[in-house]
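Encoded as structure tokens, the structure appears first; notes follow it.
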Amino acid sequence: MTPESVASVRSRSQALQKRAERFFPGGVNSPVRAFRAVGGEPPFIERAEGAWLIDADGNRYIDYFGSWGPMILGHAFPPVVEAIERAARYSASFGASTAAEADLAERIAVCYPAVEKMRFVSSGTEATMSAIRLARAATGRKIVIKFEGCYHGHADGLLVKAGSGVATFGIPGSAGVPEEIAHLTLALPYNDLSAVEAAFDAHRDEIAAVILEPVVGNAGCIPPAPGYLAGLRALTANRGALLIVDEVMTGFRVALGGACELYGLVPDLVTLGKIVGGGLPVGVFGGKRQLMDLVSPAGPMYQAGTLSGNPLAMAAGLATVGHLQEHAAEVYARLEAAAKAVTEGVAQEAARAGVAVTLNRVGSMWTWFFTPGPVTNYEQAVKSDTAAFGRFHRAMLHRGVWLPPSQFEAAFISAAHGDAEVQATVAAARAAFRTA
Ligand code: KE4
């Protein structure tokens with residue numbers, strides 16, 4: 001389909017956008033979907049299958065954001081669809097315990113040995129918010145360290161120089177967050193251990209926890225520097241603070257056991273989301289038994305949720321995590337081969353066209369930063385030419401390739417992406433770099 005033909009058949013999406021703007025701020029239910037960072041009109045998706053999205057006008061796109069991570073097996077993966085259909089026949093929700101919750105918990109505990117006990121919630125935001133409350137309850141301390149460019153959901157205390165939507169809009173923090181709350185969060189540069197040591201020296205026994213993305217995805221993809229994660233682990237252990245590893249994005253993505261497996265990291269608390277729910281709303285916070293037994297009703301720290309452990313979400317998570325566990329070698333090898341081919345193919349096309357692009361990749365998550373680089377932290381990431389990225393994004397979308405609509409988001413590939421999708425993507429990039 002030529003760009004002109006794609007551009008001209010967006011009329012139904014345009015009408016849907018107009019209607020949506022009557023009901024939702026910016027016409028969306030999550031800011032990044034509005035395409036404000038890349039320009040152009042967001043197509044409305046009608047359905048998806050495998051590696052492909054189909055919009056309301058029947059245009060087809062190769063999907064490189066995968067619902068922001070969850071769709072690692074591809075869209076409408078039959079075992080997941082069947083599991084949800086089966087569960088739905090018994091009702092969508094009970095608000096009472098079911099065997100499926102522990103069935104999924106057993107699988108998570110195998111993949112994440114640091115998670116001796118856990119609690120299901122319905123989003124990554126709930127998971128990180130609860131993990132921080134638990135860290136404060138366990139240590140009696142108040143201050144939390146996070147890192148610039150890292151995003152951990154939209155709980156008040158975490159919208160302090162967060163990444164993702166906030167970084168995309170260049171808004172330092174968010175309106176509505178009282179400074180008394182922001183004041184309890186220190187936002188430090190990523191990949192800089194000396195900054196963390198200085199913060200501990202300045203705040204001694206006031207720091208409850210350090211929370212981080214072990215591979216940053218929300219400033220675009222930024223891997224941890226060699227020794228950085230081990231350094232954070234040692235520092236927090238020596239200073240009596242908890243290490244919270246936010247694997248909402250990296251969990252089951254960069255390895256079956258996430259960044260904890262990939263880098264041999266043993267955190268005090270882990271948060272999970274996205275893939276663990278197979279596309280349905282699931283978040284998890286978990287860790288050492290003696291920490292988790294502080295959580296209500298076992299202990300004094302309150303946390304609750306109407307749809308926590310929802311049976312349909314458990315079914316989707318079980319089908320997804322179960323497939324990943326049973327086919328790990330094949331799936332992760334396939335993801336690695338496809339991610340390597342597409343990322344390096346596009347980077348080569350950029351080089352041929354004389355466009356400065358820095359590729360950061362860990363497994364099947366990556367970012368093409370439009371800057372000479374290197375990109376090892378947020379300060380370097382924001383030097384990217386976001387206008388050039390916007391032109392590239394629009395040119396690729398016109399050619400049927402849907403990249404994450406922000407320079408400061410990671411791209412993802414699924415096990416459903418094959419050589420045909422990879423070659424079509426590289427060819428679209430070749431044309432896009434010549435016209436964008
Ligand atoms: P949710 O509350 O959106 O389920 O999860 C928050 C969250 C927590 N931790 C990490 C590492 C995350 O990446 C996220 C959410 N990621 C964004 C994408 N960068 C969600 C997409 C969106 O906001 O629409």
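The values are calculated or read from the model by the stated rules, or taken from the named source; none is laboratory data. Predicted, not measured: the structure shown is a model, and the values here were computed from it. Using ideal geometry, Cβ is built from the backbone for each residue, glycine included, and neighbour counts are taken over all protein chains shown.
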- From VAL266, VAL254, VAL270, VAL284, residue being out of contact with any Asp or Glu (no Cβ under 8 Å at 6 or more places or on another chain) and under 24 Å from THR367 (Cβ atoms): VAL254
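When you go through ALA102, ALA20, ALA37 one by one, which is the residue that is more than 30 Å from GLY251 (Cα to Cα) and out of contact with any Leu (no Cβ under 6 Å at 6 or more places or on another chain)?
On the way: ALA102 fails: more than 30 Å from GLY251 (Cα to Cα); ALA37 fails: more than 30 Å from GLY251 (Cα to Cα).
Only one candidate qualifies: ALA20.
Yes or no, residue by residue, for (1) within 15 Å of CYS150 (Cβ to Cβ); (2) in contact with a His (Cβ under 8 Å, 6 or more places away or on another chain); (3) assigned to a loop (DSSP other than H, G, I, E, B):
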{"residue": "VAL196", "(1), (2), (3)": "yes, no, no"}
{"residue": "ASP201", "(1), (2), (3)": "no, no, no"}
{"residue": "PRO224", "(1), (2), (3)": "yes, no, yes"}
{"residue": "LEU243", "(1), (2), (3)": "yes, no, no"}
{"residue": "GLY286", "(1), (2), (3)": "no, no, no"}
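Select from the range 254-272 the residues that are farther than 16 Å from LYS288 by Cβ and touching a helix residue (DSSP H, G or I) at 6+ places or on another chain (Cβ under 6 Å) and list them in ascending order.
Quick first cut of the range 254-272, residues farther than 16 Å from LYS288 by Cβ only: 254-259, 261-264.
Within the range 254-272, VAL254, ALA255, LEU256, GLY257, TYR263 qualify.
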- Task: Go through (1) polar (S, T, N, Q); (2) more than 22 Å from the chain's Cα centre (by Cα); (3) within 13 Å of the ligand (Cβ to nearest atom) one by one and return the number of the condition ASN29 breaks.
- Result: (2)
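Could you tell me whether the range 144-164 includes any residue that is under 30 Å from GLY299 (Cβ atoms), within 16 Å of the ligand (Cβ to nearest atom), of a type in the set (Ser, Thr, Tyr) and touching a residue at least 60 places away in the same chain (Cβ under 8 Å)?
Quick first cut of the range 144-164, residues under 30 Å from GLY299 (Cβ atoms) only: 144-147, 150-160, 162.
Keeping just the survivors that are within 16 Å of the ligand (Cβ to nearest atom) gives 144-147, 150-160, 162.
When the remaining residues are screened for being of a type in the set (Ser, Thr, Tyr), the result is 151.
This time we only want the ones that are touching a residue at least 60 places away in the same chain (Cβ under 8 Å), so: 151.
Yes: the range 144-164 contains one or more residues that are under 30 Å from GLY299 (Cβ atoms), within 16 Å of the ligand (Cβ to nearest atom), of a type in the set (Ser, Thr, Tyr) and touching a residue at least 60 places away in the same chain (Cβ under 8 Å).
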- Message: Condition (residue is within 16 Å of the ligand (Cβ to nearest atom), surrounded by fewer than 20 Cβ atoms within 10 Å (Cβ to Cβ) and not polar (S, T, N, Q)) applied to the range 38-60: is it met by at least one residue?
- Response: yes
- Task: Could you please find all residues in the range 364-384 being surrounded by fewer than 22 Cβ atoms within 10 Å (Cβ to Cβ) and under 19 Å from the mean Cα position of the chain (by Cα)?
- Result: THR376, ASN377, VAL382
- Query: For the range 283-301, does any single residue satisfy the condition of being more than 20 Å from the chain's Cα centre (by Cα), of a type in the set (Phe, Trp, Tyr) and either assigned by TED's automatic domain parsing to the domain that holds GLY153 or more than 26 Å from PRO113 (Cβ to Cβ) (or both)?
  - Reply: no
- Query: From the set of residues in the range 112-137 that are in a helix (DSSP H, G or I) and of a type in the set (Lys, Arg), which is nearest to the ligand (Cβ to nearest atom)?
  - Reply: ARG133
- Query: Does any residue in the range 311-331 that is without any contact (Cβ under 8 Å) to a residue 24 or more places away in the chain come within less than 9 Å, Cβ to Cβ, of a residue that is hydrophobic (A, V, I, L, M, F, W, C) six or more places away or on a different chain, and which pairs are these?
  - Reply: HIS327/ALA415; GLU330/ALA415
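Return a yes/no flag: does the range 263-271 have any residue that is within 10 Å of the ligand (Cβ to nearest atom), farther than 23 Å from GLY149 by Cα and not hydrophobic (A, V, I, L, M, F, W, C).
Step one: of the range 263-271, the residues within 10 Å of the ligand (Cβ to nearest atom) are 271.
After this cut, where a residue has to be farther than 23 Å from GLY149 by Cα as well, the list is none.
Scanning the range 263-271, I find no residue that is within 10 Å of the ligand (Cβ to nearest atom), farther than 23 Å from GLY149 by Cα and not hydrophobic (A, V, I, L, M, F, W, C), so the answer is no.
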- Query: Quick one: is GLU82 in a helix (DSSP H, G or I) and either out of contact with any helix residue (DSSP H, G or I) (no Cβ under 9 Å at 6 or more places or on another chain) or away from the ligand (no atom under 16 Å from the Cβ) (or both)?
  - Reply: yes
- Message: Scan the range 210-224 and tell me whether some residue there is in contact (Cβ under 8 Å) with a residue 24 or more places away in the chain, among the small types (Gly, Ala, Ser), under 20 Å from LYS142 (Cβ atoms) and assigned by TED's automatic domain parsing to the domain that holds VAL282.
- Response: no
- Note on the structure: Filtering the range 245-262 for residues that are part of a loop (DSSP other than H, G, I, E, B) and either away from the ligand (no atom under 15 Å from the Cβ) or on the phi > 0 side of the Ramachandran plot (or both) leaves a count of 3
